[in-house]
Each structure stands twice: as C-alpha cells, then as structure tokens.
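The values are calculated or read from the model by the stated rules, or taken from the named source; none is laboratory data. Being a predicted model, the structure only gives us computed values, none of them experimental. Neighbour counts are summed over all protein chains in view; Cβ atoms, including those assigned to glycine, are modelled from backbone coordinates with ideal geometry. The area values use the complete protein model at the heavy-atom level, side chains included, leaving out ligands, DNA and RNA. Shrake-Rupley method; radii C 1.70, N 1.55, O 1.52, S 1.80 Å.
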Amino acid sequence: MRSLILALTLLPLGAAQAQTSTTQTSATPTPTATAGTLNVATGSPTGTYSAMFKNIGRVCTQSAYLRERGSSGSLENIDLLLNNEVSLAFVQSDVLKARQQIDKDPRVDGIKALLPLHREELHLFALPSVVSRNILGQTKTQGVAKFEDLKGKKVAAWGGSLITARVVGAMTGLNFEVVSVKDQESAFAALRSRQVDAVLAVVGQPATWVKTLSGVNLVAVPLSDRMKSIYSPAKLFYPNISAASVPTVAVQSVLATRDFKTPERKKLLLAYQKCAVSKLVNLQEDEGMHPKWQDVDFKTWPWPQYK
C-alpha cells in the first residue's frame, strides 16, 4: 500500500480518491463460519452499520444464516471481504473507489453492491478554540475553530475515515497530517491530551457514541467543487454538544459482497436483497429502527450491483 500514500502526495488536488496502508485489527472475536452461515462485517457495536444490520434481521427473519462480525470499519471490512473471511461487508463508497482507482487493486472489480444504503456524514471534532488579544488589539485563535485552521495540524482518524481524511486533505489543499489511531476511544484520548488537533470520523448520524460526547465542538466542513464528484452536502445535529445544522459533507455507503457464482450462495444473497428491498417501509417506519433508513431508497447505486 505504500504506493497509495505516495500517490496521494503526487496527485493533483482534483484527484478523486486516496487509499492508505493502515488496516486496523478488530478486538472482536472472529466468528467461525459453519455450514449454511455467512459472516457479515459491520463495525463497532454502537455504530450505524451494526444497528442497520440488526434492523434488517428484524424484518427479514429468514436471514438467521447471517452472522455479524465486528470490525474497525470500512477499511478492515474491505480486506475481510477480499480475503474471503466474510461474505458481506458494510463499506463507504469512497473507500472502495480509492482502493480501485488509486491503489489499483484488481480484486476490487470483483466486489459488487448487494444494497445501496445511507449517506454517512463526515464529523470533524475539535476542542473549543481559545481567542486571545494582544496589547495592540489584534486577536489570535488557538485551536481549530474553522475548517481552514486544519492546515499544518494533526487529525486523528481510524478505519475507513483514514481514507476520507486523506482524500479530503488532498482535495482541499490543506494537506493536514492524518494520524492513524486504533478506534474512537484512542482518537479522543489523543485529542484531549492535545496530541492531535482534531478528530475526523465518518459515521451515519445520529451516531450513538457521538450523542455521549461533551467538551468538544463540531467544526463545519465546506463542500468544494473538487469534492462534488464523491461527496454531497449535509448537516449535523447533536444537541448534546450544541451542534445545530452544522454544515458538512457525506458519502454513500453500501452493503458489499463478492461476485459469487455458486447457485447456493447466490440464492441466499439475492433472497436477502429482495427481502430488504421489499421491507423498506418497515425499516423506515417501525419503532426502534435506525433513523438513517429515512435516507435510503435502494435506487441510487454508487457501485455496480450484484445480480
């Protein structure tokens, strides 16, 4: 993957995607597949991927053959899928595109989208900035108060967010330093100890773990013209950190699989696909379902469809 990081350095600012050599290892025990079961890579237990996987299981009760495997997110999920350790994986479409177009991994062409899902918002966190004034009345801001303040700063990220951080940094020309961390807990520990200046996380809102935060701010992320080929505008709402309609960008996620040809495997996957599509209204309206289902229409495919 070293070629990928080099590519990010050499690419023009309009480059659409980037990839990284860092893959996080999940602490979740690896499920053992048995006859008739398929493993599905999701993310953290409190993440949107995990919640949406469980939601589909509620309405598609015949999908008991699917077993959840926790992970650090999109980056690890793609590797698990490519290495034949899982049959399905929740991933960000920008991470898939980066793996294909920047790292030029030919195996990615064999990945297909079983279901097009929700948009995931980029969350950029920072400690409250401090404004000081000198004897001449000039003000100076310490910390990250606005997106442009990231220039020359350190930004922590993990999982698929590592790729998004590198892509956004290259596309905007800020080229901040992306610091790879193990997980969300490690990222905020680094932020609070001021080892990094910000934390970047791509997750579908409302994210359970974000709703438990305090003492941090969400920084607005503008959508530049160069970013529009991958990202779309979005807003963030988290009352617990006084975030009301904070502008940001979002990328669509997919439930990905490999282009399986065996009749038995194909039958299981297409049955799961058909059930989820037919139960979209239930996923959107039944109590207890994740709010992100409101963002799903199963019509917009950012990646080739599994058929």
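Quick notes
- Region 204-307 - percent of accessible surface contributed by carbon and sulfur, probe 1.4 Å: 53
- Whole-number percent relative contact order across the chain, with pairs defined as alpha carbons under 8 Å at least 6 apart: 25
- Cut-off 13 Å between beta-carbons: net charge of the residues surrounding Arg265, Lys and Arg +1, Asp and Glu -1: +3
- Taking Cα centre as origin and charging only the Cβ of basic (Lys, Arg, +1) and acidic (Asp, Glu, -1) residues, the dipole magnitude of region 39-157 rounds to 340 debye.
- Exposure ranking of Ser229, Ser72 by accessible area [1.4 Å probe, largest first]: Ser229, Ser72
- Ranked order, Met227, Met289 - accessible area, probe 1.4 Å, largest first: Met289, Met227
- Other residues with beta-carbon under 13 Å from the beta-carbon of Leu82 carry, at +1 per Lys or Arg and -1 per Asp or Glu, a net charge of -3.
- For region 131-210, the calculated P(r), taken from all Cα-Cα distances in 10 Å bins from zero up to the bin holding the longest distance, is 18, 44, 27, 9, 2 percent.
- Residue with peak Gaussian network fluctuation, the chain [Cα springs, cutoff 10 Å], from Val144, Val131, Val179: Val131
- Using Cβ point charges alone (K and R +1, D and E -1), the dipole size of the chain about the Cα centre works out to roughly 260 debye.
- Protein accessible area in region 157-201, 1.4 Å probe - carbon and sulfur %: 39
- Note on the chain: with a GNM built from Cα contacts shorter than 10 Å, the maximum mean-square fluctuation among Gly169, Gly43, Gly288 falls on Gly288.
- Cα gyration tensor category, rounded, prolate or oblate, for region 83-178 with a/c compared to 1.5: prolate
- Dividing the helix sum by the residues of the chain, where each DSSP H run of 4 or more adds -39500 (n - 2.57), gives a mean residue ellipticity at 222 nm of -8000 deg cm²/dmol.
- Heavy-atom accessible surface of the chain, averaged per residue, reaches 45 Å², computed with a 1.4 Å probe.
- Area of Tyr49 that stays accessible when all protein chains are in place (1.4 Å probe, Å², to 10): 20
- Cross-link pairs Lys54/Lys153; Lys112/Lys292; Lys97/Lys182; Lys228/Lys299; Lys97/Lys299; Lys104/Lys261 - those with Cα-Cα distance over 28 Å: Lys54/Lys153
- Kyte-Doolittle mean at least -0.5, axial Cα span of 15 Å or more - DSSP H helices of the chain: 48-59, 161-172, 263-278
- Solvent-accessible area, 1.4 Å probe, carbon plus sulfur percent, for region 31-143: 52
- Positive dipole terminus of the chain, leading residue within Leu200, Leu81, Trp158 (C-beta point charges): Leu81
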